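Novice: Quick one: the structure is below, and I'll ask about it shortly.
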Amino acid sequence: MNRLTTPFGSYELTRFPEDPRDQLRAWDAADEYLLRHLESGTGEHGPVDLAGAGQITILGDRWGALTTALAAYHPTQITDSYLARAGTAANLDRAGIGTAKTTVRLLTTQDAPPERIDVLLVRVPKSLALLEDQLYRLAPHVHAGTVVVGTGMVKEIHTSTLKLFEKILGPTKTSLADKKARLIFCTPSATSPRAVDPWPVTYTLDAEAGSGSGLTAVNHAGIFCADRLDVGTRFFLQSIPNNTNGARVVDLGCGNGIVGTAIAIADPAAEIVFTDESYQAVASAKATFRANVQHERERADFLVGDGVSMLDPASVDLVLCNPPFHSHQATTDATALRMFAQSRKVLRTGGELWVIANRHMGYHTHLRRLFGNSEVVASEPKFVVLRAVKQEMRPRPM
């Protein structure tokens, strides 16, 4: 846990789920820069009178640092991340604020935005597509007097980022860099043409996609490799089992849901659970599933949450997982290892975890330590598919 000191107060903040071993902070210099600017900005982009500003919307707040610091002004937070949303709620509670004690609203990228937005604060996401989609969604709700300020680290803000603000909202400028962070200032234009949001994107998998061949994928903005099938998933689809015998199968970190959908097509008796921490991903999975499974199907669930933490222990036969190894800009295996541990808990004895991963991540070592076994199912120079089986626990000898 670390303390963030801002012009609006000082707060103890953590990422979610809280892990004392996690050395990554719940904010960075970009969050600090924006908060300083709101209180004491100079020049044509001076301080913002938040008390009289009207409706304040915060887009993409990563762990609630901005929302917590500005809670007194009753902001609305919009995020694609379940973990960010849960982290915000936990940080608000820790600060003695809590969503029940204020009019802070926590919305997802799939929810309807506020009708009128007077201040729009944007934490630039890693995904340019997600930024594009959300700016299109919010554009009808801003007006000529809306104050729009974005923030991000210098490495996150590119010419393409600025062009999106310019194209969708209006004239855009940037600040000087401060501690490798930068601000974006955008002036909404009443005369800017309102183009149509290009998301979601739909495409058909080709003949090299293994069990996914011929299926339709629907991708909302923000999904990894949104306009085509990524090479890792392609290799996974060439390797996954094609006869699950009515098993309960989890597509963990489902993305657009093409892996779970392929299982559902191959085995109509299987019960499929799609789960991801991204609201955009679960919406994509649901759309992909419906695009390929023509009849109403009772044996499919679509869940947003922290891995499979919401499932009962020993309730699953097979988990298929393509784990991320980034948390925003940071490279980490923490999310993958948490997914593996959760999978072991929800698998029945004899149940299997299948993982597609970059070879260099060395997940076989972690799986062997956790499950007592790890088998290479398929491999190529870049990727490896691993299989671990939950074995019956034997009592230790006295």
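Novice: Would you please give the FRET efficiency between Lys179 and Ser315, computed as 1/(1 + (r/R0)^6) with r the Cβ-Cβ distance and R0 = 56 Å, to the nearest 0.05?
Specialist: Result of the calculation: an efficiency of 0.75.
Novice: Also, I was wondering about something else. Taking a ≥ b ≥ c as the square roots of the eigenvalues of the Cα gyration tensor of the stretch 197-342, is the shape rounded (a/c under 1.5), prolate (a/b larger than b/c) or oblate?
Specialist: Cα axes put the stretch 197-342 in the rounded bin.
Novice: Let me ask something else about it. Return the calculated 222 nm mean residue ellipticity for the chain, to the nearest 500 deg cm²/dmol, obtained by summing -39500 (n - 2.57) across DSSP H runs with n ≥ 4 and dividing by the residue count. It would help to have the intermediate numbers written out before the result.
Specialist: Details: 10 runs with 103 residues, N = 398.
Calculated mean residue ellipticity at 222 nm is -7500 deg cm²/dmol.
Novice: Let me ask another. Taking 0.36 nm per residue of separation and subtracting the Cα-Cα distance, what length does fully extending Lys382 through Leu162 add?
Specialist: 75.8 nm is the gain from fully extending Lys382 to Leu162.
Novice: Another question about this same structure. For the stretch 307-317, what does the Karplus curve 6.51 cos²θ - 1.76 cosθ + 1.60, with θ = phi - 60°, yield as ³J(HN,Hα) per residue in whole Hz, taken in order and with x for Gly and Pro?
Specialist: x, 10, 5, 7, 8, 6, x, 6, 10, 10, 9
Novice: For Cα pairs less than 8 Å apart in space and 6+ apart in sequence, what is the mean separation divided by the residue count of the chain, i.e. the relative contact order in percent?
Specialist: Values: 849 pairs, mean separation 39.9, N = 398.
Reported as a whole number, the value is 10 percent.
Novice: Then there's this: For an R0 of 22 angstrom, estimate the FRET efficiency from the Cβ-Cβ distance between Arg338 and Arg36 and round to the nearest 0.05.
Specialist: After rounding to 0.05, the efficiency reads 0.05.
Novice: How much accessible surface does Arg36 have with a 1.4 Å probe, in Å² rounded to 10?
Specialist: Accessible area of Arg36: about 80 Å².
Novice: So with the 1.4 Å probe, I'd like the accessible area per residue for the stretch 1-134, rounded to whole Å².
Specialist: Solvent-accessible surface per residue comes out at 41 Å².
Novice: Let's test this: bin the Cα-Cα distances of the stretch 107-164 at 5 Å from zero up to the farthest pair and state each bin's percent.
Specialist: Distribution as computed: 4, 16, 30, 26, 18, 7, 0 percent.
Novice: Which of (i) 1.14; (ii) 1.05; (iii) 0.97 is the computed Cα Rg over 2.2 N^0.38 Å for the structure on display?
Specialist: Working out Cα Rg over 2.2 N^0.38 Å from the coordinates points to (ii).
Novice: Describe numerically, in nm with one decimal, the distance between label points set 7 Å from Cα along Cα→Cβ at Ala51 and at Ala190.
Specialist: Going from the Ala51 label point to the Ala190 one covers 2.9 nm.
Novice: Take the solvent-accessible surface of the protein heavy atoms, probe 1.4 Å, and return the percent of it on the chain that carbon and sulfur atoms account for.
Specialist: Looking at the chain in its full context, I get 52 percent from C and S.
Novice: Moving to a separate point now. Please compute the modelled spin-label separation between Ser10 and Thr103, points set 7 Å along Cα→Cβ, answer in nm with one decimal.
Specialist: With each label point 7 Å from Cα toward Cβ, the separation is 3.1 nm.
Novice: Also, I was wondering about something else. I'd like the Karplus ³J(HN,Hα) series for the stretch 67-79: coefficients 6.51, -1.76, 1.60, θ = phi - 60°, whole numbers in Hz, and an x wherever there's a Gly or Pro.
Specialist: 5, 5, 5, 9, 4, 4, 9, 6, x, 10, 9, 10, 9
The values are calculated or read from the model by the stated rules, or taken from the named source; none is laboratory data. Keep in mind that what you see is a predicted model, and the values were worked out from it rather than measured. Backbone-built Cβ (ideal geometry, glycine too); neighbour counts: all protein chains shown. Please note that ligands, DNA and RNA were not included when accessible areas were found on the heavy atoms of the full protein model with its side chains. Shrake-Rupley method; radii C 1.70, N 1.55, O 1.52, S 1.80 Å.
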